[in-house]
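Structure, as structure tokens:
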Amino acid sequence: MIHVHNLTKRYGATTVVDGLTFTVAPGRVTGFLGPNGAGKSTTMRMILGLTSPTSGTATINGRRYRTLPAPLREVGALLDPEAAHPGRTARAHLLWQARGAGLPRRRVDEVLELVGLAAVAHQRIGSFSLGMRQRLGIASALLGDPAVLLFDEPVNGLDPEGIRWFRGLLSQLAAEGRTVLVSSHLMHEIQTVADHVIVIGRGRLLADMSMAELAARYTGGIRVVASDTTPLTAALVSAGAEVRSADGALLVSGLEAAHVGEIALRCGIALRELTPQHTSLEEVFMELTAAATPHRSGSIPASERSQA
């Protein structure tokens with residue numbers, strides 16, 4: 001488990017991380033989202049003891065990273081795929097890490113096979129593509145078979161096969177009861193693999209909830225066509241929903257579709273339609289971070305569009 005409490009980082013007058021508090025629980029994939037400059041990488045570096053916080057704490061299984069007796073066996077991380085000497089081979093890079101952690105040599109071969117680099121284990125890292133370096137970084141994170149894993153933009157450079165493989169890996173790690181924190185700018189990837197999301201902007205917490213809660217709170221609602229809308233509306237409002245009329249139907253927000261159906265059944269009201277109005281994670285992200293995005297793109301002036 002990762003626990004961050006009131007974590008703050010300032011560089012002079014600039015506050016990069018501002019009083020963050022959240023918990024990354026085991027047994028699920030947690031997506032860590034935010035615009036560029038939101039403080040995601042700085043937060044992950046503080047969790048790993050690479051950057052000292054101005055105030056607050058970041059602990060892994062109740063201890064600061066620097067006090068862990070066997071850190072490689074407890075925590076694995078991929079923060080920078082370039083953090084490997086280009087003159088070393090992939091196997092040599094992992095081997096010195098294994099020796100330092102007291103791991104057997106066979107573990108190096110196991111993770112190279114797992115990430116698909118066994119055939120190029122004796123090639124120098126300087127000849128690797130970005131995707132191959134990402135795979136090597138993932139192998140390094142998995143080397144000690146840790147229970148806690150952090151990945152910062154792990155699918156950058158991976159080809160479609162690699163992305164699909166990594167999705168499966170994340171699901172497997174979470175199913176094994178591990179704590180998995182993944183930062184990414186690719187909303188579709190997070191929507192595909194995450195069970196829980198933490199969203200920050202300008203170093204502050206904007207959202208900390210399950211994907212199901214996020215969907216219920218930020219979807220465009222549920223379109224309901226019923227035989228008798230007046231008593232159903234009253235029952236839904238009583239259950240905490242917001243209800244409005246639209247084109248002969250009800251638009252219900254604040255409840256999941258299954259809950260709406262159960263309420264209608266209890267009221268003895270027949271439903272002719274019960275359709276969630278889906279909103280993508282990207283749309284939710286844009287709504288949440290609208291006021292916390294430091295660099296916003298403009299549109300092409302009409303005069304330039306007409307010349308294109």
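With THR43, THR21, THR54 as the choices, which residue is in the same structural domain as GLN172 (by TED's automatic domain parsing) and surrounded by 17 or more Cβ atoms within 10 Å (Cβ to Cβ)? Write out each step before concluding.
Values: THR21 fails: surrounded by 17 or more Cβ atoms within 10 Å (Cβ to Cβ); THR54 fails: surrounded by 17 or more Cβ atoms within 10 Å (Cβ to Cβ).
None of the other options fit; the residue is THR43.
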State whether the residues of the range 157-172 include one that is under 20 Å from ARG107 (Cα atoms), touching a residue at least 60 places away in the same chain (Cβ under 8 Å) and either surrounded by fewer than 22 Cβ atoms within 10 Å (Cβ to Cβ) or not polar (S, T, N, Q) (or both). yes
Only one of these conditions is not met by ALA70: (1) over 22 Å from the mean Cα position of the chain (by Cα); (2) within 15 Å of LEU149 (Cβ to Cβ). Which number is it? (2)
Of the conditions (1) under 19 Å from PHE128 (Cβ atoms); (2) at pLDDT below 95; (3) not β-branched (Val, Ile, Thr), the single one that GLY100 does not satisfy is (1)
Picking from PRO154, PRO146, the residue that is farther than 19 Å from SER41 by Cβ, in the same structural domain as LEU33 (by TED's automatic domain parsing) and part of a loop (DSSP other than H, G, I, E, B) would be PRO146
Does at least one position in the range 176-198 carry a residue that is loosely packed, with under 15 Cβ neighbours inside 10 Å, touching a Lys or Arg at 6+ places or on another chain (Cβ under 9 Å) and not in a helix (DSSP H, G or I)? no
In the range 80-100, is there at least one residue being touching a helix residue (DSSP H, G or I) at 6+ places or on another chain (Cβ under 9 Å) and in a strand (DSSP E or B)? yes
Within the range 16-70, tally of residues that are among the β-branched types (Val, Ile, Thr) and in a strand (DSSP E or B): 10
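The values are calculated or read from the model by the stated rules, or taken from the named source; none is laboratory data. Please read these numbers as outputs of a predicted model, since none were measured by experiment. Heads up, the Cβs are rebuilt from the backbone with ideal geometry, glycines too, and the neighbour counts pull from every protein chain shown.
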